[in-house]
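Q: Below are the structure tokens for one structure; questions will follow.
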Amino acid sequence: MRGLKGHGGASAAPPGVSNVSIGSSTDSKDNNELKVAQTNDSGDGPRRIGEVDALHEVRSDDELLGGEGDSAPHHAGTQGAGNNGADVGDAPGGRVYKVYRRRWFGLVQLVLLNIIVSWDWLSFAANSTTTSQYYNVSPSDINWLSTAFLFAFCVATPLVIYTLHHGGPKPSIITASVLILLGNWIRYGATKAGPHGNFGGVMFGQILIGLAQPFVLSAPTRYSDLWFTNRGRVAATAVMSLANPFGGALAQLIDPIWAGKPGDIPNMVLYIAIISSVASIPSFFIPAAPPTPSSPSGHEEKQALGPSITFLFTCPEFYMIMIPFTFYVGLFNSVSSLINQILQPYSFSENEAGIAGALLIVVGLVTSAVTSPIIDKTKTFLFAIKLQVPIVAISYLAFTWAPQTRSIAAPYAILSILGAASFSLVPVVLEYLIELTHPVSPEVTSTICWSGGQFLGAIFILASDALRAPGKNDGTADNHTTRPPGNMWKALILQTVIAMVVVPLPLALGCCGRVRKVRMRRVEADKEASEARNLENGVVVS
């Protein structure tokens, strides 16, 4: 807010303006729009969504690396309540919206947990040959460690939605931390049980960690909605969500170094368990919610779960974004789990395969770090989605022939491009779905999308393993043809077809007279709330 006229604390709202209904001007003609009741914190009775209290200041200077603090904001005609941030204006029902430095504590914690849970997922996939030798099982059995992990995500989905919707991010984060601690130490104990460990015990620990993943992977959008404004949500969601694949990159790079031979596997599992414990313990100390809301949209009560889910599955735009997102997440999970087995038949080493998998992730993270703030500022969500989806599909098409070149440069280059497009797409899709479906609670859309991606990832891993050519796939049987023993050519064809089939869906968004259905509802709600505040308090924005 750049300018104020009058004193908000001393001026009464004009007659007939004290109750301002927001959102009805644009949405009243759509019968399928969601409506939700909200209770005034001052006890004035029920109000419809969009009605706001008399406001004196909105702190929206919410850049990702901003310097605002917990001290009381400056008011015009208001009195601050001290450094706790619970500032209330002099006018009845007055409310301050601001952001707090302490939000970074929870953001960093979600980053750490997403890193470690993904590292746990790919603990054994990065060096599948060595791992299978230690546990005395087949490479297909090692694939089941990744597959069971992904299926566990789907099993936990209903509880995750309920926890985030009714309890918020903190109970979700604590639940994940407990499961991560238990799963890691059970894996280590099972690994040390005998000369070849206890593979069943390792699987049980892996499933526990898989149950933990949705509690932290689905939390970023809910956390951003609660603690950030619309100027910082995409960047914040990107940092927290994309920390998950970063953990996979660490697994691809570090695990082959820690476990160069089968006898090193117990130490590798121990090191990961120690790191997991250190990353999980701070979860119990994060704040549950900001003392005062960050924005009107973050403060308003969300739609109940039943009507929200009904609305989502009757909304064509939701399908047109959710389907390609889940398919691409599934393909990424499959490639990340099988990259070693895709490249090794062509005489690439485990270390080279690990670097390829790491490039897929690291280049993607760097690209997303550049594009997310730009898209966040310009709000070009739809343009970004329509641009990135075809690039992702073309990259899968090109990667089909990359291994048989037997030049590591080809997988490195193609996977880098694939990572750049895929990772830039993730936070944009997650935030844009929230904008399209507002006031559906953010955790509903994000959890459904992530759950679908994990389920399809597990299916793609199983299908790819079934399509593997017969013979040893560790490179020892390489006959230097385009189809050596153990190759996964048919699996690469399958993923290419899947990647190409879903491209038309997001490209059709906004077509056939449905432009109004792809507008930014949450941004509109915040803007209209600001205009209503100005009208109530005689504020003029210069």
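Q: Using Cβ counts within 10 Å as a stand-in for footprinting exposure, how do Trp119, Trp185 rank, fewest first?
A: Least crowded to most crowded, the residues run Trp185, Trp119.
Q: Quick one: Cα centre-to-centre distance for region 252-291 and region 428-489, in angstrom?
A: With region 252-291 and region 428-489 each reduced to a Cα centre, they are spaced 24 Å.
Q: I would also like to ask the following. Need one word for region 96-164: rounded, prolate or oblate. Basis is the Cα gyration tensor (sqrt eigenvalues a ≥ b ≥ c); a/c below 1.5 gives rounded, then a/b vs b/c decides.
A: Oblate, because a/c is 1.5 or more while a/b does not exceed b/c.
Q: Which one, Ile116, Pro287, Ser347, is farthest towards the positive end of the dipole of region 103-518 when Lys and Arg carry +1 and Asp and Glu -1 on their Cβ?
A: Comparing the listed Cα positions along the dipole, Pro287 ranks first.
Q: What is the list of residues in region 221-250 whose amide nitrogen lies under 17 Å from a point 7 angstrom out from the Cα of Thr380, following Cα to Cβ?
A: 234-235
Q: Now for a separate question. Given the C-alpha centroids of region 369-405 and region 208-242, what is the distance between them in whole angstrom?
A: The distance from the Cα centre of region 369-405 to that of region 208-242 comes to 21 Å.
Q: If you add up the charges near Ile257, with Lys and Arg at +1 and Asp and Glu at -1, over every other residue whose beta carbon is less than 15 angstrom from its beta carbon, what do you get?
A: Result for the local shell: -3.
Q: Would you mind counting up the charge near Gly475? Only other residues with Cβ under 12 Å from its Cβ, with Lys and Arg at +1 and Asp and Glu at -1.
A: That works out to -2.
Q: Still on this structure: Provide the FRET efficiency to the nearest 0.05 for the Asp141-Ala508 pair, computing r from the beta carbons and using R0 = 56 Å.
A: Calculated value: 0.85.
Q: Now for a different question. By the gyration tensor of its Cα atoms, with a ≥ b ≥ c the square roots of the eigenvalues, what is the shape of region 103-518: rounded for a/c under 1.5, prolate for a/b over b/c, or oblate?
A: Oblate, since a/c reaches 1.5 and b/c is not below a/b.
Q: Continuing with the same structure: Going by how many other beta carbons lie within 10 Å of each one, how would you line up Cys154, Cys512, Cys449, fewest first?
A: Cys512, Cys154, Cys449
Q: Please order Val234, Val111 by the number of other Cβ within 10 Å, starting at the fewest.
A: Ascending number of Cβ neighbours within 10 Å: Val111, Val234.
Q: Provide the net charge surrounding Gln344, with neighbours chosen by a C-beta distance below 10 Å and charges set as Lys +1, Arg +1, Asp -1, Glu -1.
A: -3
Q: Calculated FRET efficiency, Arg483 and Ala369, Cβ-Cβ r, R0 45 Å, to nearest 0.05?
A: FRET efficiency, Arg483 to Ala369: 0.70.
Q: Would you calculate the separation in nanometres between label points at Ile391 and Phe284, each defined as 7 Å from the Cα along the Cα-to-beta-carbon direction?
A: A separation of 4.4 nm, rounded to one decimal place.
Q: Now, a different point. When a/c reaches 1.5 or more, the comparison of a/b and b/c decides; with that in mind, is region 166-266 rounded, prolate or oblate per its Cα gyration tensor?
A: Oblate is the answer for region 166-266, as a/c is 1.5 or above yet b/c matches or exceeds a/b.
A short reminder: the numbers here are calculations on the coordinates, not readings from a lab. Predicted model only: the values in this text are computed from it and were never measured. Neighbour counts run over all protein chains shown; Cβ positions are idealised from the backbone, glycine included.
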